[in-house]
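First up is the structure itself, then whatever we jot down about it.
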Amino acid sequence: MTTDLIPPPAPPADRAAALRAALLTDRPGTLTGLYRRTFPMVERHVRRHGGSGQDAQDVFQDALIVLYEKAVAGTLTLTAAPSTFLVAISRNLWRRELQRRRQLPHTELSPAQAEELPDAEAPAEAASVLDYLAQLGERCQSILLSFYYHRQPLEQIAATHDYGSVRSATVQKFKCLERLRQAVRTAWAGTADLLAR
Amino acid sequence: MRPELTRLQRIEQHLLGPAPTAEAAAAWQLEQLLDPALAADAAVQQQLYQGLQLAGRQQLRRELQAIHRQLYGPPTGGWLRGAAGELRALLRRFRR
């Protein structure tokens, strides 16, 4: 029977778990595959609906970031293939962007101006953390981002950063967090002193 | 681990751990009474996590832009094409 050869569609939880595993083991490869398969569809849609290639790139990357963060956090439910999900979010984002532009005509920023803007969702304190993180050195930056943003398991972080055990990777992670905290606290205390004068 | 690091770990567990049970919430309240700096330190640590989230997102965005360039090449009509055009115009003038 030929129908036996067709695997049943994976349940949503399995699909999301498979994507999470693929992103954890090979982030560049997995993202490149998703990009290659899905971006042309999004670009076609955005161009047909009054957008440019740059607009398509912006909404697609925003959508991919949404998908990525949900997938690694384990909060993603996929009722279809990841590319279908990406196209749906991209269309949604582009519709919202079009509405925004209609309401606020002639207020489009040049790319250079947009680059200058702080992240809209970012509180000022969080944005200042970025500068101190950049001063920490590559190893600490990598450990902190791998754990807190990319949600890599400590086993993986220990292996990629040459720590003998999960325990020593954990200690190192907290040492890095402590250094970041000290840098930030010193800076904030300085600002508070200035304001109190 | 040093006590300072254990404290960071304790705050992390409170901020990022699974939703606290009534018992755990009561324990945190008690700890705050015994350690007046705990709430302020937890607030700072929460800002660090938000900053890391932001930094991670920027890193991912850079990775996606690199993937885009790798798949579709640099943007057309940008400075490179402009510069090439100017160079051609210059050569034409030079040949006269």
Practice problem: Count, for each residue of A:67-74, the Cβ atoms from other chains sitting within 10 Å of its Cβ, then give me the mean as a whole number. | Solution: 1
Exercise. Please give the contour-minus-distance gain from A:ALA21 to A:ARG100: 0.36 nm per residue of separation, less the Cα-Cα distance, rounded to one decimal in nm.
Key: 24.8 nm
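Ranked highest first by the average count of other Cβ atoms within 10 Å around their residues, in what order do B:46-52, A:177-183, A:94-100 fall?
B:46-52, A:177-183, A:94-100
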Quiz prompt | Length released on extending from A:ALA80 to A:ARG139, taking residue separation times 0.36 nm less the Cα-Cα span | solution = 17.5 nm
Quiz prompt | Peptide-level mean, for B:40-52, of C-beta atoms on other protein chains within 10 Å | solution = 6
Quiz prompt | Shielding score for A:168-175, defined as the mean number of other chain Cβ atoms within 10 Å | solution = 3
Practice problem: In nm, give the distance between the simple-model label positions of A:LEU130 and A:THR186, each being 7 Å from the Cα along the Cα-to-Cβ direction. | Solution: 2.2
Quiz prompt | Between the range B:1-44 and the range A:75-102, the Cα center-to-center distance that results, in Å | solution = 38
Quiz item: Hey, can you rank B:32-40, A:59-67 by average C-beta count inside 10 Å, highest first?
Solution: A:59-67, B:32-40
Quiz item: Rounded to the nearest 100 Å², what is the sum over both chains of accessible area buried where A meets B, with a probe of 1.4 Å?
Solution: 3700
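Can you tell me the dipole magnitude for the range A:8-116 around its Cα centre, using point charges on the Cβ only (Lys, Arg +1; Asp, Glu -1), in Debye to the nearest 20? Each step should come with its number before you reach the end.
Values: 15 positive and 11 negative charges, 97 e Å.
Dipole of the range A:8-116, to the nearest 20 debye: 460 debye.
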Exercise. Quick one: plug the Kirkwood hydrodynamic radius of the range A:8-116 (C-alpha pairs) into Stokes-Einstein at 10 °C, 1.306 mPa s, and report D in µm²/s.
Key: 106
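The values are calculated or read from the model by the stated rules, or taken from the named source; none is laboratory data. The structure displayed is predicted, hence computed values, not measured ones. Quick reminder, even Gly has a Cβ in these numbers, built from the backbone with ideal geometry, and neighbours come from all protein chains shown. SASA here: full protein model, heavy atoms, side chains in, ligands and nucleic acids out. Shrake-Rupley method; radii C 1.70, N 1.55, O 1.52, S 1.80 Å.
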